[in-house]
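Undergrad: I have a structure I would like to understand better, so I am pasting it below and will then ask my questions one at a time.
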Amino acid sequence: MKEKLKKVFDEILKLLDFETIDFEIKQPPFHINFEFATNLPILLSSKYRLSSQEVFGKIKQEIEKNFKDIFSKIDFSLPGFLNFDLNKNFYFEEIKIILTEKENYPVLDIYKNEKVLFEFVSANPTGPLHIGHGRCAVLGDVLGNIFKKLGCIVEKEYYINDRGKQIDILVGSIIETIIENNLIEVEAKVHEWSKKVLCESRYKGDYIKEFAYKIVKFFNKITLENLEDVKSKIISLMMIDIKKTLEKAKVYFDNFVSENSLYRNDISSKVKKILEEYIEQKDNALWMKSRQFGDDKDRVIIKSDGQPTYFFSDILYHYQKIIRGYSWLVNIWGADHHGYVERLKSAVEVISQKLNKNVKLDIILYQLVSLIKQNQRISMSTREGKFISLDEVLNDVGVDVCRFFLLTKSPDTHLDFDIELAKEHSLNNPVYYIQYAHTRCVGILNEAQKILNNFSIEEKFEEFKKYIFSLNSDSHEFKLIKTLCIYPDVLMDSAKDFSPHYLCNYLIDLSRVFHKFYETSRVVEKNNIHFGRLLLVLATKIILYNSLSILNIEAPQKM
């Protein structure tokens, strides 16, 4: 709706011979009794050396001349805001589009044909996914769905960190468990290697023992010669479990990219050549001069022992993303990776320039999740093996509830996940509350269908228009109409801030308004159908269904 209104104001500016400028449309404070407000007068006043009230007068005159079918009331408030209500015809036209487009609503092409790669989860394959990984998984999945709705060509990708220190610690932990339980023979040199790897830390937990018993089914003996094969098999088995958990959470990826694959096909040499003026040899290591790009210090990319750093792997990976033709890269990382943001952005900027590509990189940092059970926060440590896996939470509360609860806060906000509330089958549970609204819509439509058999929606539009114009602006019915019409704005806000929590909050608000409408406005009574209200119920069902589809949450027919 706001995008449509912005286009209207752009047309007004054109008619007034004012330049198009960037301005806001938002809901005014509660003491301003209008639906919307824009800061256009105050912005134009400074640009054209007019008072904000003079600008308002010019816009008002143009509205009264050419746009009465859109605005019903306008007013001015200091220091320079234009407050306005919309004509009921505007709402009628929007509801008509909802009823016509159905599951395709809203038809938006804000980012039409932009090729976007969402990379998320990308957890080291060193153990089962936990609830924090779940937050990242659902966040990336739903953001991808939202951007697809806005016209993007979206792909979702998981980056497998299948090399480096953490993998060695995982493999060493499993080998030591094999030795301790005398499962198969382990060569002495491999034992020495694992003890060296584990000198500082070791992965613990039941899953390590489970994997020790899994891996011995594939090998009769572990030697230095087959150690790399053992590593590969452990990673492969771990990724099978991770993928099963993701599928249970209804999170699917288009691509899985291995870190090891980046060191094939001479990608490393190509990237070093691209970055040659920004790298230098120092202390037997290779450094990137990242201070030139706002980093607090230069960063090692190849260590003195010849091994690449995580930073260099990230550079290679993003080079590969760029040459695959994506124009927009979106990474979703845990907040503990904040120190990597600027250095990676600087590397991507250099590579993009060198390859003559216009590539945008956004990195979304999400905060931790705390599980709350019986009002107690559950303490967790992945390294110590003390954690509740995402599988356990999904089994305990159900996939739909788990997905919704993980999306209810902005990514940059710490999230408390109340297991007891998530398990409630009552109106206190927001998922149940929203799904119940959908089933009520279905129930009303089914009841009407028994009387009508079939009817043409288009034939009832004139009757529906009269119904909307007859409504009091403070009625529950008109509140429902206004709530339905802001759905496209909610999707836009979710995309702009990379946060689907706007959509979750909207669904709760929409359900609350609909439940109130349901209690006060009969649709079918004694074989008589109120067609205006019936079309409003149908529009509500469409928006509930479309929203839940984006969240990948079931819209049940009955409960």
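The values are calculated or read from the model by the stated rules, or taken from the named source; none is laboratory data. Not measured: the values here are computed from a predicted model. Heads up, the Cβs are rebuilt from the backbone with ideal geometry, glycines too, and the neighbour counts pull from every protein chain shown. For accessibility, only protein heavy atoms count, side chains too; no ligands or nucleic acids. Shrake-Rupley method; radii C 1.70, N 1.55, O 1.52, S 1.80 Å.
Undergrad: Grab the Cα-Cα distance for SER304 and ILE184, subtract it from 0.36 nm times how many residues apart they are, and report the gain in nm with one decimal.
TA: Gain on extension, SER304 to ILE184, equals 39.6 nm.
Undergrad: Give me the percent of accessible area attributable to carbon and sulfur for the chain, probe 1.4 angstrom. Intermediate values should be presented prior to the final figure.
TA: Numbers: 12150 of 26850 Å².
In the chain, the share of accessible area belonging to carbon and sulfur is 45 percent.
Undergrad: Also, I was wondering about something else. With +1 on the Cβ of every Lys and Arg and -1 on the Cβ of every Asp and Glu, and nothing else charged, how large is the dipole of the chain about its Cα centre, in debye rounded to the nearest 20? It would help to have the intermediate numbers written out before the result.
TA: Working: 78 positive and 79 negative charges, 69 e Å.
Its charge dipole is roughly 340 debye.
Undergrad: Which log10 I(q)/I(0) values, to two decimals, does the stretch 232-293 give at q = 0.16 Å⁻¹ under the Debye formula with one point per Cα?
TA: -0.76
Undergrad: To the nearest µm²/s, what D does Stokes-Einstein give for the stretch 311-364 at 10 °C and 1.306 mPa s, using the Kirkwood radius over alpha carbon pairs as Rh? Present the calculation step by step, with values, prior to reporting the outcome.
TA: Values: Rh = 11.2 Å.
D = 141 µm²/s.
Undergrad: Can you list the aspartates and glutamates whose alpha carbon is less than 12 Å from that of LYS423, not counting same-chain residues fewer than 8 positions off?
TA: ASP396, ASP400
Undergrad: Another question about this same structure. Compute the acute angle (0 to 90°) between the alpha-carbon long axis of helix 341-354 and the principal axis of greatest extent of the alpha-carbon atoms of the chain; round to the nearest 10°.
TA: Relative to the chain, helix 341-354 is tipped by roughly 90 degrees.
Undergrad: Starting from the exponent 0.38 and prefactor 2.2 Å, build the expected Rg for the stretch 15-100 from its residue count and divide its actual Cα Rg by it.
TA: Numbers: Rg = 13.9 Å, N = 86, 2.2 N^0.38 = 12.0 Å.
Normalised Cα radius of gyration, the stretch 15-100: 1.16.
Undergrad: Could you give the length gained by full extension between GLU11 and ASN505, i.e. 0.36 nm per residue of separation minus their alpha carbon distance, to one decimal place?
TA: Details: separation 494, 0.36 × 494 = 177.84 nm, distance 3.24 nm.
Extra length from GLU11 to ASN505 when fully extended: 174.6 nm.
Undergrad: In addition: Give LYS4/LYS58; LYS6/LYS58; LYS321/LYS354; LYS4/LYS149; LYS26/LYS466; LYS6/LYS357 a once-over and call out the pairs whose C-alpha atoms are over 19 Å from each other. Write down the numbers at each step before the final one.
TA: Working: LYS4/LYS58 21 Å; LYS6/LYS58 17 Å; LYS321/LYS354 15 Å; LYS4/LYS149 17 Å; LYS26/LYS466 28 Å; LYS6/LYS357 31 Å.
Pairs exceeding 19 Å: LYS4/LYS58; LYS26/LYS466; LYS6/LYS357.
Undergrad: Enter the per residue convex hull volume of the stretch 116-158, computed from alpha-carbon coordinates, in Å³ rounded to the nearest integer.
TA: Values: hull volume 2.0 nm³, N = 43.
Spelled out: Cα convex hull of the stretch 116-158, divided by residues, is 46 Å³.
Undergrad: Can you tell me the FRET efficiency between GLU424 and GLU447 if r is taken as the Cβ-Cβ distance and R0 is 25 Å, rounded to the nearest 0.05?
TA: Details: r = 28 Å, r/R0 = 1.13.
The formula returns an efficiency of 0.35 here.
Undergrad: Which one, (i) 28.7, 90; (ii) 23.5, 76; (iii) 39.7, 140, gives Rg and Dmax of the Cα atoms in Å as derived from the coordinates shown?
TA: The listed entry that was calculated here is (i).
Undergrad: Say a site is exposed when it is one of the trypsin sites (Lys or Arg not before Pro), sits in a DSSP loop, and has at most 10 other Cβ atoms within 10 Å; what is then the longest site-free stretch of the chain?
TA: 298-525
Undergrad: Would you please calculate the Kirkwood hydrodynamic radius of the stretch 264-412 over all C-alpha pairs and express it in Å, rounded to one decimal? If you can, show how the numbers build up before the last one.
TA: Values: mean 1/r = 0.0551 Å⁻¹.
Answer for the stretch 264-412: a Kirkwood hydrodynamic radius of 18.2 Å.
Undergrad: Then there is this: For the chain, what is the accessible area per residue in Å², given a 1.4 Å probe and the full set of protein chains? Could the numbers behind the result be given before it?
TA: Details: 26850 Å² over 559 residues.
For the chain, the per-residue accessible area is 48 Å².
Undergrad: Among the listed pairs LYS204/LYS243; LYS189/LYS250; LYS156/LYS189; LYS60/LYS96, which have their C-alpha atoms separated by more than 32 angstrom in this model?
TA: Exceeds cut-off: LYS189/LYS250; LYS156/LYS189.
Undergrad: If you don't mind, another one. Put +1 on the Cβ of each Lys and Arg and -1 on the Cβ of each Asp and Glu in the chain; which of LEU150, ILE235, VAL171 then has its Cα farthest toward the positive end of the dipole?
TA: Working it through, the farthest residue towards the positive pole turns out to be LEU150.
Undergrad: Return one number: the angle in degrees, 0 to 90 and rounded to the nearest 10, between the long axis of the Cα atoms of helix 461-470 and the longest principal axis of the Cα atoms of the chain.
TA: 80 degrees
Undergrad: As I understand it, the dipole of the stretch 290-440 uses +1 on the Cβ of Lys and Arg and -1 on the Cβ of Asp and Glu, about the Cα centre. Which of ILE301, ASN395, HIS338 lies farthest toward its positive end?
TA: Value computed over the given set: ILE301.
Undergrad: Below 8 Å between Cα atoms, with a sequence gap of 6+, how large is the relative contact order for the chain in percent? Display every interim value, and only then the final one.
TA: Values: 822 pairs, mean separation 84.0, N = 559.
Worked out over the chain, it gives 15 percent.
Undergrad: First check a/c for the stretch 336-489, with a ≥ b ≥ c the square roots of the eigenvalues of its C-alpha gyration tensor; if it is under 1.5, answer rounded, and if not, answer prolate when a/b is larger than b/c or oblate otherwise. If you can, show how the numbers build up before the last one.
TA: Values: a/c = 2.93, a/b = 1.48, b/c = 1.97.
Oblate shape, in that a/c is at least 1.5 and b/c is the bigger or equal ratio.
Undergrad: Additional query: Is the stretch 39-172 rounded, prolate or oblate when judged by the Cα gyration tensor, a ≥ b ≥ c being the square roots of its eigenvalues, rounded requiring a/c under 1.5 and prolate requiring a/b larger than b/c? Kindly include the intermediate steps, with their values, before the conclusion.
TA: On the way: a/c = 3.91, a/b = 2.31, b/c = 1.69.
In terms of gyration-tensor shape, prolate.
Undergrad: Right, something else. What residues of the stretch 1-16 lie in the reach of a label at LEU50, counting those whose backbone N is under 16 Å from a point 7 Å from the Cα along Cα→Cβ?
TA: So the set is 9-16.
Undergrad: Using r as the Cβ-Cβ distance of GLU101 and ASP296, and R0 as 45 Å, what FRET efficiency do you calculate, to the nearest 0.05? Before the final figure, lay out each step's value.
TA: Values: r = 50 Å, r/R0 = 1.12.
For R0 = 45 Å, the calculated efficiency reads 0.35.
Undergrad: Just to confirm the number: angle between the C-alpha axis of helix 2-15 and the first principal axis of the chain, 0 to 90 degrees, nearest 10?
TA: In the chain, helix 2-15 runs at an angle near 60 degrees to the longest axis.
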